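FYI, it's all coordinate maths here, none of it is from the lab. Remember, predicted model here, so these are calculated numbers, not experimental data. Here the Cβ positions follow ideal geometry from the backbone for every residue, glycine too, while neighbour counts run over all protein chains shown.
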Amino acid sequence: MAEKVLTARFEKLGSHRLESYERDHGYKALKQALSMKPEEVVELVKASGLRGRGGAGFPAGVKWGFVPKESEQPKYLCVNADEGEPGTFKDRYIMVLDPHAVIEGSIIACYAFGAHAAYIYVRGEFKKPQRRMESALLEARRAGYLGKNILGSGFDVDIWVHPGAGSYICGEETALIESNEGKRGMPRLKPPFPAIVGLFGGPTVVNNVETLAYVPHVINRGPEWFIGLGSEKNGGTKLFGVSGHVKKPGLYELPMGTPLREIIYAVCGGIRGDKKLKAVIPGGSSTPVLKPDQIDVNMDFDSLAGIGSMFGSGGIIVMDETTCMVRAAARLAKFYAHESCGQCTPCREGTPWIAKILSRIEGGHGREGDLELILDICDNIQGNTVCPAGDACAMPVRAFILQFRTEFEEHIEKKKCPIGRFPAPW
Amino acid sequence: MSEAAFKVNLKPETVKAVDELIGRYPVAEAALIPALHKVQDDLGWMPAAAMDWVADKLGLPRVRVYGVTSYYTMFRRKKPGRHCLEICTNLSCSLMGAEHLRDYLCEKLGIKAGETTGDGRITLEEVECLGSCGTAPVMIVDDEYHENLTPKKVDAILSDLELRDKGSADG
Ligand SMILES: Cc1cc2nc3c(=O)[nH]c(=O)nc-3n(C[C@H](O)[C@H](O)[C@H](O)COP(=O)(O)O)c2cc1C
Ligand code: SF4
Ligand code: FES
């Protein structure tokens, strides 16, 4: 069995309490970090190569290094706990079962790049994770890990929960910042990047919950240990959330680079009812869908990019032979159309059109040329928008059509869906 | 009650919580979304008078607050039923039967998604991914997640709500 890091404490009774966290050497890494110079902490995290777990895989240490040392404006950390990408359900478990790991990692990050305040942006629907984070913050404040002059170090820092209110786009880092400022979640044009001008105009780092929860472990055990868990460019373990048609869906912590086939067949017990595998979305709904002959890929950032898909957030959605690919694509397009913030014409107008055309194909009213029309709309969206959400719709839709083209054509030719609705499992 | 006649009568702890929220930010305006949540948790929805109260409290133009409440799906501009059911039908949930459950709920309650039952008891909504795809299908019932749903579990949820309502009517 591979080593568990982030989930190691999950099954302990009261794992979310400070007492339990401290018993397991909690806040030891913070003490260690406070004894180092801030730039040494940045260098250590850089050396580990720890890549962001929110989707884009940008190295955390490098991101922290972008923040100017001297700044007239106060600096901020935003912890991204929006967890809105369909198929993704990992940060919620960390917040409920090990909230102090998130807090400790966040304090270390603040110390490293010189922020004195952080906000944990938790999606609005996550009431229990919000409560858990709030009470853990209270415990940490009482114990002197937060507030003025923490642990006698002379460093001041405070952290608060900031709830979202139901908007996928607020997971995008600049929309998150807008929302944290009390505005509509409309992404900002970059540059300037948040590291230069972010929350309240100050230099800001946005990091995912899972990324930050890893930081104390990297400090405690060092970069070599971290790299050794995975590989040079893809170190560490990763939380994979597997949903859909596997026998044992759920959250699994596995080394970076675990083959997708192993995850589906060994870890998750294979396809329910021993049916045939039809398609896999490897890293959340925005990542291009894979066919069964592609599942020998290693699950890491570079290997998935190498086969034209993306690693994303680690949310694996498995579909068996009973699944209509047009229906799956149409459902995702409907989601992106609903979530578009509306500020770019290609995304605002294009995504509802894609959703509409896909749903008419699924309903047996597809027209000749519809597939070209959708691909053309995808081309017009991709690369022409303020934020990557436009691409997040165009890329998977294009992949569904190109990978399963005959199934789409059959819908149009036969003027009906040859497969039907997603069957009920009961 | 018509919306115009609605008087905001917030619990003292709500007002205190909003005051405390403001202190967490360098500018009061940043407390807007958390403050709106506190007010909605208290009132059950977001009448215009409540938005005006928040606007005055944070020193914001009222239209700024309307703009925010209309952008975010969780703020209820229409008074919902006593209970809110929010069923996810995004891909992972639909693969596990969520569309069938939604239809089952519509049939049992005699309403379409987005509507409230005639007796004002239950509002049913179809929502996007709730970040709980590994335990699909998922539904939020009055803020609580209910996971791995089946028609049987849905039946149990509905009768539980009925019992609770009876209990509160009797007692
Ligand atoms: C449309 C969109 C939605 C996103 N949603 C999330 C999210 O829910 N959670 C998250 O951590 N990152 C999300 N991201 C990525 C963030 O913009 C950002 O890259 C990330 O929070 C950085 O953290 P990391 O470097 O630790 O991964 C999203 C990006 C886009 C374009
Ligand atoms: S791409 Fe879509 S979501 Fe992103 S800023 Fe433009 S309209 Fe908004
Ligand atoms: S798809 Fe329903 S919770 Fe994610």
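A few remarks follow.
- Residue by residue along A:87-93, Cβ atoms of other protein chains within 10 Å of the local Cβ number 5 on average.
- Positive dipole terminus of chain A, leading residue within A:49, A:214, A:73 (C-beta point charges): A:214
- Difference of contour (0.36 nm per residue) and Cα-Cα distance, residue A:375 to residue A:291: 28.3 nm
- Qualifying GluC sites (Glu not before Pro) in region A:1-58, where qualification requires a DSSP coil assignment and no more than 10 other C-beta atoms within 10 Å, comprise A:11.
- Added length on full extension, which subtracts the Cα-Cα distance from 0.36 nm per residue, residue A:413 to residue A:143: 90.4 nm
- Rh by Kirkwood over Cα pairs, then Stokes-Einstein D for the protein assembly as shown at 0.890 mPa s and 25 °C, µm²/s: 99
- For region A:325-414, the share of alpha carbon pairs falling in successive 10 Å distance bins from zero is 20, 55, 22, 3 percent.
- Residue order, fewest to most beta carbons within 10 Å, for A:281, A:263, A:361: A:263, A:361, A:281
- Efficiency of FRET between residue B:106 and residue A:189 - r from beta-carbon atoms, R0 35 angstrom, step 0.05: 0.25
- Most to least packed among B:83-90, A:29-36 [average Cβ atoms within 10 Å]: B:83-90, A:29-36
- Between residue A:267 and residue A:247, residue separation times 0.36 nm minus the direct Cα-Cα distance comes to 6.2 nm.
- Within the shell of other residues whose beta carbon sits under 14 angstrom from the beta carbon of residue A:138, the net charge comes to +1, with Lys and Arg scored +1 and Asp and Glu -1.
- Top of B:96, B:74, B:46 by mean-square fluctuation, Gaussian network on chain B, Cα under 10 Å: B:74
- Amide H partners (placed H, <5 Å) of residue A:238, local residues excluded: A:254, A:256
- Cut-off 19 Å, label 7 Å out along Cα→Cβ of residue A:70, residues of region A:12-39 by amide N: A:38-39
- Computed E for residue B:48/residue A:307 - FRET, C-beta separation, R0 60 angstrom, nearest 0.05: 0.70
- For residues of A:76-84, the mean tally of beta carbons on other chains within 10 Å: 1
- Average partner coverage of B:23-31, which counts Cβ from other chains inside 10 Å: 5
- Listed peptides A:229-241, B:138-150, A:98-110, A:340-352 by packing density, highest first (mean Cβ within 10 Å): A:98-110, A:229-241, A:340-352, B:138-150
- Computed FRET value (nearest 0.05) for residue A:135 with residue A:35, which takes r as the C-beta separation and R₀ as 35 Å: 0.80
- Placing +1 on the Cβ of every Lys and Arg and -1 on the Cβ of every Asp and Glu, with nothing else charged, gives region B:83-170 a dipole about its Cα centre of roughly 220 debye.
- Comparing mean-square fluctuations of A:94, A:271, A:316 from a GNM of chain A with C-alpha springs under 10 Å, the top value falls on A:271.
- Of all DSSP beta bridges in the protein assembly as shown, antiparallel share, percent nearest 5: 45
- Helices in chain A, meaning DSSP H runs of at least 4 residues, each add -39500 (n - 2.57). Divided by all residues, the mean residue ellipticity at 222 nm is -12500 deg cm²/dmol.
- Farthest positive-ward along chain B dipole, Cα basis, beta-carbon charges - from B:113, B:55, B:18: B:55
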